[in-house]
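A short worksheet on the structure shown next.
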Protein chains: 2
Amino acid sequence: MKLLEERIKEDGQVRPGNILKVDSFLNHQLDISLLEQLGNEFYEKFKNKGITRILTIEASGIALACLAAQHFKVPVVFAKKAKSKNLDGELYTSTVHSFTYGKDFTVTLAKKFLSEDDTVLLIDDFLAVGKAMRGLIDICNQADAKIAGIGIAVEKGFQSGGKELREAGYDVYSLAIIDEMTDDGSITFRS
Amino acid sequence: MKLLEERIKEDGQVRPGNILKVDSFLNHQLDISLLEQLGNEFYEKFKNKGITRILTIEASGIALACLAAQHFKVPVVFAKKAKSKNLDGELYTSTVHSFTYGKDFTVTLAKKFLSEDDTVLLIDDFLAVGKAMRGLIDICNQADAKIAGIGIAVEKGFQSGGKELREAGYDVYSLAIIDEMTDDGSITFRS
């Protein structure tokens, strides 16, 4: 998606260690007008798939999921990363390793919000190795929910997550796929 | 706000220990159509205040902040609860005690996203003792940003947060204020 690629080139910052900072518009400060357009792009791609719920993971995926859900007219459910006193009842859980935070964490979702009757669109802001997305897929499998597709804003195409998910048969739609980043700040997108 | 009060009565669940679960529409599963209407209500209240940014805290505040920001046409910034490798540069930090999670945590915000030029609307899903909101106010004070108002979906009016903030001069607008909850599930709203 040209719009997102241009924004990444303009405002994204490459840091040593293959870190791309897009915190001025995607995951710390949120450019709502941009996210509306990204959400609409997911809708155009998946609108005929019978989506009943959008599933994401806190925290950065929530904004994008909400602005997509406005078009689909379906609820968003977000998996939680920490055990809250307010989470009771039956839970789906999955263990995920985060490279960003350097540790494992347990992802939880109340069972009442996902079932075999659901056709799910998974949404997240980033896809790199794909650990968080694997956690969401695991939860969908536990629920026997159908996964209609995966919508990602920025995929690090030089890492394995997207390739593995596509090879496993998932319909992964990434709005910008980065094939190469260099420490001097240049970014090459997949065409 | 009648709409929210009715939804709380219909779908909220009271748990022992003054816990109100609204996870089916506000903070785990998200009813986007409802949140759009809550966001619009904040806009109607604060539209003439010259808001330049909406500040919230991950994770539950993000959805509501985004759907309000669509009306204000301003960016959302969300304070983060965990130290991420991707957070670098100068940070505002504040320590907050969470009763939900039973521990202290550090709230962080990149300095570049909030300054003395900003007029801020603070938004969160819940206000009880007000610890998280105090953290956001602390961050605004560090930035010398002006606080134009505080928008809350559900205030637990029998706890001290809202009263203290109003006495301190903040324009707190809570869409539903609960004056009493009993363990048998009855909820009394402030009229």
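Using Cβ point charges alone (K and R +1, D and E -1), the dipole size of the protein assembly as shown about the Cα centre works out to roughly 320 debye.
Helix screen, chain A: DSSP H segments with Cα axial length of 15 Å or more and mean Kyte-Doolittle hydropathy at least 0.5 are A:61-72. Annotation for the stretch B:27-106: chymotrypsin sites (Phe, Trp or Tyr not before Pro) lying in DSSP loop with at most 16 further Cβ atoms inside 10 Å of their Cβ are B:99, B:101. The mean of 1/r over all distinct Cα pairs in the stretch B:135-191, once inverted, gives the Kirkwood hydrodynamic radius of 12.6 Å. Counting, for every residue in A:30-42, the Cβ atoms of other protein chains within 10 Å of its Cβ and taking the mean gives 3.
Here the stretch A:2-189 carries DSSP beta bridges of which approximately 40% are antiparallel, counting only pairs with both residues inside. Here the Gaussian network model covers chain A, with springs between Cα atoms less than 10 Å apart; of A:103, A:47, A:131, A:103 fluctuates the most. Ranking A:108, A:56, A:119 by Cα position along the charge dipole of the stretch A:53-136, where only Lys, Arg, Asp and Glu carry charges on their C-beta atoms, puts A:108 farthest toward the positive end. In this structure, residue A:106 and residue A:158 have a Cβ-Cβ separation that, at R0 = 25 Å, corresponds to a calculated FRET efficiency of about 0.30.
Once you keep just the Cα pairs under 8 angstrom separated by 6 or more residues, what percentage relative contact order results for chain B? Computed over chain B, the figure is 20 percent.
When A:1, A:133 are sorted by how many other C-beta atoms sit within 10 angstrom of their C-beta, beginning with the fewest, the order is A:1, A:133.
Considering helices alone, the calculated mean residue ellipticity of chain B at 222 nm is -9000 deg cm²/dmol, with DSSP H runs of length four and up weighted by -39500 (n - 2.57) and normalised per residue. Can you tell me how the stretch A:1-130 classifies by the Cα gyration tensor, rounded, prolate or oblate, using a/c under 1.5 as the rounded cut? It is oblate, given that a/c is not under 1.5 and a/b is not larger than b/c. Summarising the label geometry, the points placed 7 Å from Cα in the beta-carbon direction at residue A:117 and residue B:116 lie 5.8 nm from one another. Based on a Kirkwood Rh over C-alpha pairs, give the Stokes-Einstein translational diffusion coefficient of the protein assembly as shown at 37 °C and viscosity 0.692 mPa s in µm²/s. Value of D from the Cα-based Kirkwood radius: 156 µm²/s. With the convex hull drawn around the C-alpha atoms of the stretch A:55-191, the volume per residue stands at 119 Å³. 3J(HN,Hα) along the stretch A:110-118: 5, 4, 5, 9, 7, 9, 5, 7, 8 Hz, from the Karplus curve 6.51 cos²θ - 1.76 cosθ + 1.60 with θ = phi - 60°, whole Hz, x for Gly and Pro.
What is the diffusion coefficient of the stretch A:116-156 in µm²/s, taking the Kirkwood radius over Cα pairs and the Stokes-Einstein relation at 4 °C with a viscosity of 1.567 mPa s?
The estimated diffusion coefficient comes to 124 µm²/s.
Peptide A:49-62 is shielded by partner chain Cβ atoms: per residue, an average of 3 of them sit within 10 Å of its Cβ. For the stretch B:1-99, applying the loop criterion from DSSP together with a ceiling of 12 other beta carbons within 10 Å to the GluC sites (Glu not before Pro) yields B:90.
Quick note: the coordinates plus some simple rules give every number you see, no bench work behind them. Since the structure is predicted, the reported quantities are computational estimates derived from the model, not experimental observations. Cβ: placed from backbone, ideal geometry, glycine included. Neighbour counts: every protein chain shown.
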